Amino acid sequence: MSNSIADLLDEMYDENSDKTSLGKVIERFEDRGFGPLLLVPALVALLPTGAIPGVPTICGITLFFICIQVAIGQKSPWLPRTLKEKEVDSDKLESAIDKAKPYVRKTEKLLKPRLTFLSDTPAKNVVAAYCAIAALCMIPLEALPFAAALPAFALCITALGMTNRDGVFLTIGMTLQLGTGYLVFKAINMM
């Protein structure tokens with residue numbers, strides 16, 4: 001099992017198929033803990049694939065399901081069949097991942113175990129509940145161009161912190177998630 005997040009990204013898409021289902025992606029990562037499971041849909045929403053109509057909503061709902069299950073202490077994730085069967089074009093996913101990898105590699109150099117209590121139970125459960133709220137915020141933000149990228153980015157930072165037991169990144173990610181609440185407030189007032 002690789003510890004490199006850049007290497008994990010290569011496992012997100014199915015090289016042998018034109019389409020990659022969300023269920024297959026989640027299956028590949030479920031034995032690696034909460035961090036990668038959170039990172040995968042957040043990255044899909046953050047990368048250019050997030051510009052595809054409906055993708056931020058699907059990713060937000062998926063993240064919500066995963067986060068709520070972690071918050072209540074469930075060991076392995078469950079997703080409704082309709083979400084598991086949602087597919088993304090494998091070539092588009094591969095292209096987006098290739099563009100993201102240099103940034104991921106640079107970020108990985110900054111990660112190290114710090115304030116590790118934030119990635120352990122019960123703090124992990126609180127972080128997961130907090131992330132669930134940010135994930136739901138992606139749904140109304142899809143109506144604004146590129147607005148869903150903020151919660152997706154915040155969730156990616158949080159996931160990187162969780163994956164690497166880096167409490168500093170967890171704190172930064174959760175702070176960025178506060179900006180998501182502000183964006184949702186502004187979006188609602190614009191409607």
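Can you put ILE72, ILE139 in order of accessible area, largest first, using a 1.4 Å probe? Could the numbers behind the result be given before it?
Values: ILE72 125, ILE139 60 Å².
Final ranking, largest accessible area leading: ILE72, ILE139.
On the basis of the beta-carbon distance and an R0 of 35 Å, LEU144 and LYS106 show a calculated FRET efficiency of 0.80. Legend: translational diffusion of the chain by Stokes-Einstein, Rh = Kirkwood radius over C-alpha pairs, 25 °C, 0.890 mPa s; D = 151 µm²/s.
Please state the shape class of region 100-146: rounded when a/c is under 1.5, otherwise prolate if a/b exceeds b/c and oblate if not, all from the C-alpha gyration tensor. Oblate, because a/c is 1.5 or more while a/b does not exceed b/c.
For region 56-139, the square roots a ≥ b ≥ c of the C-alpha gyration tensor eigenvalues yield an a/c of 1.5 or more together with a/b not exceeding b/c, which makes the shape oblate.
Accessible area of TYR130 (1.4 Å probe, protein heavy atoms only, ligands and nucleic acids ignored): about 70 Å². For the chain, the share of accessible area belonging to carbon and sulfur comes to 62 percent (1.4 Å probe, ligands and nucleic acids excluded). Ranked by the mean number of other Cβ atoms within 10 Å of their residues, highest first, the peptides 143-150, 161-168, 104-111 fall in the order 161-168, 143-150, 104-111. Computed with every protein chain present, the accessible area of SER17 is close to 50 Å² [probe 1.4 Å].
A straight Cα-to-Cα reach below 28 Å connects LYS92 with the lysines LYS19, LYS24, LYS84, LYS101, LYS106, LYS109, residues fewer than 8 places away in its own chain not being considered.
The values are calculated or read from the model by the stated rules, or taken from the named source; none is laboratory data. The structure displayed is predicted, hence computed values, not measured ones. Don't worry about glycine lacking a Cβ; one is built from the backbone with ideal geometry, like all the others, and counts go over all protein chains shown. All accessible areas refer to the heavy atoms of the entire protein, side chains included, with ligands and DNA or RNA removed. Shrake-Rupley method; radii C 1.70, N 1.55, O 1.52, S 1.80 Å.
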